[in-house]
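A short worksheet on the structure shown next.
Coordinate-derived values only; no laboratory data. Treat the numbers as computed from the prediction; the structure is a model and nothing was measured. All Cβ positions, glycine included, derive from the backbone under ideal geometry; neighbour counts span all protein chains shown.
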Amino acid sequence: MPTATVRVALVGTSGYTGAEALRLLGTHPLVRLTRLCAHSRAGEPLADILPPFAGVDGLPSVEPFDAAAVAQVADFALLAVPHGTAQTITAELLAHDVRVVDFSADHRFDDPDFFAAVYGHAHARPETLARTVYGVPELYRERIRTADVVGAGGCYPTSVILGSLPAVRQGLLAPGAIPIADCKSGVSGAGRSPGAGTHYPETADGLHAYKTLAHRHAPEIARALGLAKVRFVPHLVPMIRGILSTIYLPLRPGVSAQAVREAYVNAYAAEPFVTVLPAGQHPDPRHVRGTNRCHLGLFVDDDLLCVQAAIDNLGKGAAGQAIQCLNLMAGLPEDAGLTHTALFP
């Protein structure tokens, strides 16, 4: 176990993913959190911004972002800032030799043209994309270790990628098969800023789909899996945190349920955060709440594989995965600070 302390700054402290990162970093045995940054709430007491941290000692005060100031005290920066904001922040930090893990969608693609096609506008600092690696360790572990910038995978995409990857890599899918991902997320995935779509009277006792077959996560998933297309339908459900993704994968003729299970168990046998559940067992987001874990359930009927993947959208879908990437970049044990079991019940 390394004994050196890694100096880390957290940029974007006031939102849900920033709060989750702060919670996890606060108990990380090998990280020293040296700076907290926030835009609109800089200078306020941390307990006013995030009441759960009242009475917690030893944390830095909340400062405005300044790349040079961050570089004086940190070697790595985690960016829990809104999409669009991280582009310039990342470029400024790289200019000061600070390596970056970006929670937002700003650095999930290493191709400026692909980014523009998906998001409908050019990247403000395309030179940073040439230095980025997609931040799902189960896909790109070795590349993440040496990356200057890691764009942590999105919450929905992470669940679908982990649920589909062994079937894709082992050639279990029927020729030309297009996976269908039907995903449900808690409302914390929409962020902390209030809006009509996540207002309690609008979400309680209900369930609704949005951006059906037109969500920007679909090309992210397809690109990561090396597929031409993925069909993706997200839903908002009245729970605070968690994702359950049900993925339908047409199998090529002759692929048995036993072959599927062997492919998944072998693929994830050495993975610290992915668990293939026993046959017939359904994953539940409650059982991974507050963790960096992913639970997978496998179900086969004739030529159809149905995979169910449960993650915490704020954990393996955001802050936990970002810290997993940080550990790799810093040469730390991959599971350092991330061995929590779920908050249960």
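Two numbers describe the Cα atoms of segment 156-313: Rg and Dmax, which are 15.7, 50 Å.
Along its three principal directions, the equivalent ellipsoid of segment 240-279 from the Cα gyration tensor extends over semi-axes of 22, 16, 8 Å, largest first. Between the alpha-carbon centres of segment 86-155 and segment 176-237 there is a gap of 22 Å. For the chain, the longest principal axis of the Cα atoms and the long axis of helix 155-169 meet at an angle of about 40 degrees. How large is the Kirkwood hydrodynamic radius of segment 211-272, in angstrom, based on all distinct alpha carbon pairs? Every distinct Cα pair counted, the radius reaches 14.5 Å. By the helix-only formula, in which each DSSP H run with n ≥ 4 contributes -39500 (n - 2.57) and the sum is divided by residues, the chain has a 222 nm mean residue ellipticity of -8000 deg cm²/dmol. D by Stokes-Einstein for segment 27-170, Kirkwood Rh over Cα pairs, 37 °C, 0.692 mPa s: 197 µm²/s.
Beta-bridge orientation, the chain: approximately 45 percent antiparallel, per DSSP, counting only bridges with both partners inside.
Hey, could you grab the Kirkwood Rh for the chain? Inverse mean 1/r over distinct alpha carbon pairs, Å, one decimal.
Its Kirkwood hydrodynamic radius stands at 20.4 Å.
In terms of its alpha-carbon gyration tensor, segment 127-188 comes out oblate; a/c meets the 1.5 threshold, while b/c is at least as large as a/b. Taking Lys and Arg as +1 and Asp and Glu as -1, the other residues whose beta-carbon sits under 15 Å from that of GLY171 total 0. Taking the fewest neighbouring Cβ atoms within 10 Å as the starting point, the ordered list for THR246, THR341, THR158 is THR341, THR246, THR158. Over every Cα atom in segment 166-246, the radius of gyration and the widest Cα-Cα span, Dmax, amount to 14.9, 45 Å. Here's the list of aspartates and glutamates a cross-link from LYS211 could span, going by alpha-carbon distance under 13 Å and ignoring same-chain residues fewer than 8 apart: ASP182. Taking the DSSP bridge list for segment 156-313 and keeping only pairs wholly inside it, about 75 percent are antiparallel.
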